[in-house]
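Step one of this worksheet: look at the structure below.
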Amino acid sequence: MFREILSENISEFGLALSEKQLDDFQIFYELVTSWNEKINLTAITGEKDFAVKHVVDSLTLWDEKKFAGAKKIIDVGTGAGFPGIPLKIFLPEVEIFLLDSLSKRVEFLKKVVAALNLKGVTCIHGRAEDFARQKNFREAFDIAATRAVARLNVIAEYCLPFVRIGGTFAALKGKNFREEIAEAQNAVKILGGGEINAVEKILPGLPDIRAVIYVEKKIPAPKKFPRKAGTPVKNPLT
């Protein structure tokens, strides 16, 4: 059963979940796999792979010091809810905003929030390039998190404008993270970020090394960023 597989693997990684949290993840898994037949949410549906590559991977973002005192987190390009939904289940007291550009995925996320009776979750249909310019969103979050959306120099332009001064931009990255860090140094500086810090992670049963990238927001991002929709991908900051 999924919850037992998750419990075993999350323990192996060094974290612990309550019975209620395991129940919630079981329901979340069932919802994703059911809705996956209607809309394309994920290619990873096997119980072990879902537990490790989706849930445990999402929770590698958590760092006690960086998340201390965090009240508002935005998940940029959340897709099927990663890492935002696992973070919300793990940190129920934190307010989570789930942003995605595809309306069908946002409708799915609203069903998840209702099924799990999650409080303090806002599902938003739209683009980061637009919402990061809005007064209520710009530099309004303690943490902007993202996973598998774009290369670091591109996703930094999407995320750093959301982060308050002193807050954190956090990105989950795969085995090529060092190359992406080198490529993104100047972009992060332009966008108001400080030093790029990488914390290497190994997921249970997987041989490859991946990393969580953390960047502290030092100064306000210039008003012209993020640029209009499509520009960061077509013409990345270098």
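The values are calculated or read from the model by the stated rules, or taken from the named source; none is laboratory data. Everything numeric here is computed off the predicted structure, so don't read it as measured data. Here Cβ is always computed from backbone atoms with ideal geometry, including for glycine, and neighbour counts include all displayed protein chains. To get the accessible areas, we keep the full protein, side chains included, count just its heavy atoms, and leave off ligands, DNA and RNA. Shrake-Rupley method; radii C 1.70, N 1.55, O 1.52, S 1.80 Å.
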*May I ask you to list the residues in the stretch 25-34 that are open to solvent by 30 Å² or more (accessible area, probe 1.4 Å) and either part of a loop (DSSP other than H, G, I, E, B) or not small (Gly, Ala, Ser) (or both)?*
Ile27, Glu30, Leu31, Thr33
*Name the residues in the stretch 161-214 that are in contact (Cβ under 8 Å) with a residue 60 or more places away in the chain and among the polar types (S, T, N, Q), would you?*
Thr168
*Just for the stretch 161-180: of the residues that are in a strand (DSSP E or B) and open to solvent by less than 20 Å² (accessible area, probe 1.4 Å), which one is nearest to Ala140 (Cα to Cα)?*
Val163
*Here are Leu191, Leu237, Leu152, Leu203: which of them is in contact with an Asp or Glu (Cβ under 9 Å, 6 or more places away or on another chain) and within 30 Å of Ser11 (Cβ to Cβ)?*
Leu203
_As an exercise: evaluate Ile73 against (1) modelled with pLDDT under 95; (2) open to solvent by less than 10 Å² (accessible area, probe 1.4 Å) and give the number of the one condition it does not meet._
(1)
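Okay, residues lined up against (1) in contact with a Leu (Cβ under 6 Å, 6 or more places away or on another chain); (2) open to solvent by less than 10 Å² (accessible area, probe 1.4 Å); (3) under 21 Å from Leu61 (Cα atoms):
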{"residue": "Thr78", "(1), (2), (3)": "yes, yes, yes"}
{"residue": "Pro83", "(1), (2), (3)": "yes, yes, yes"}
{"residue": "Leu91", "(1), (2), (3)": "no, no, yes"}
{"residue": "Ile96", "(1), (2), (3)": "no, yes, yes"}
{"residue": "Ser101", "(1), (2), (3)": "no, no, no"}
{"residue": "Val106", "(1), (2), (3)": "no, yes, no"}
{"residue": "Val121", "(1), (2), (3)": "no, no, yes"}
{"residue": "Asn136", "(1), (2), (3)": "no, no, no"}
{"residue": "Ala144", "(1), (2), (3)": "no, yes, yes"}
_Of everything in the stretch 198-221, what is under 22 Å from Phe50 (Cα atoms), open to solvent by 50 Å² or more (accessible area, probe 1.4 Å), touching a strand residue (DSSP E or B) at 6+ places or on another chain (Cβ under 9 Å) and not in a strand (DSSP E or B)? Give them in sequence order._
Ile202, Ile209
_In the stretch 80-130, residue farthest from Ala16 (Cα to Cα) [restricted to those that are assigned to a strand (DSSP E or B) and not hydrophobic (A, V, I, L, M, F, W, C)]_ = His125
*asked:* So in the stretch 14-24, with the set limited to residues that are in contact with a helix residue (DSSP H, G or I) (Cβ under 6 Å, 6 or more places away or on another chain) and not aliphatic (A, V, I, L, M), which one is surrounded by the most Cβ atoms within 10 Å (Cβ to Cβ)?
replied: Asp24
*asked:* One residue is enough: does the stretch 35-44 have a residue meeting the conditions outside any loop (DSSP other than H, G, I, E, B), surrounded by 18 or more Cβ atoms within 10 Å (Cβ to Cβ) and either among the aromatic types (Phe, Trp, Tyr) or under 19 Å from the mean Cα position of the chain (by Cα) (or both)?
replied: yes
*Please enumerate the residues belonging to the stretch 146-160 that are open to solvent by 10 Å² or more (accessible area, probe 1.4 Å) and under 18 Å from Asp63 (Cβ atoms).*
Arg147
*asked:* Given the condition closer than 25 Å to Gln26 by Cβ and among the charged types (D, E, K, R), answer yes or no: does some residue in the stretch 74-85 qualify?
replied: yes
*The listed residue being acidic (Asp, Glu), within 11 Å of Asn153 (Cα to Cα) and outside any loop (DSSP other than H, G, I, E, B), out of Glu183, Glu195*: Glu183
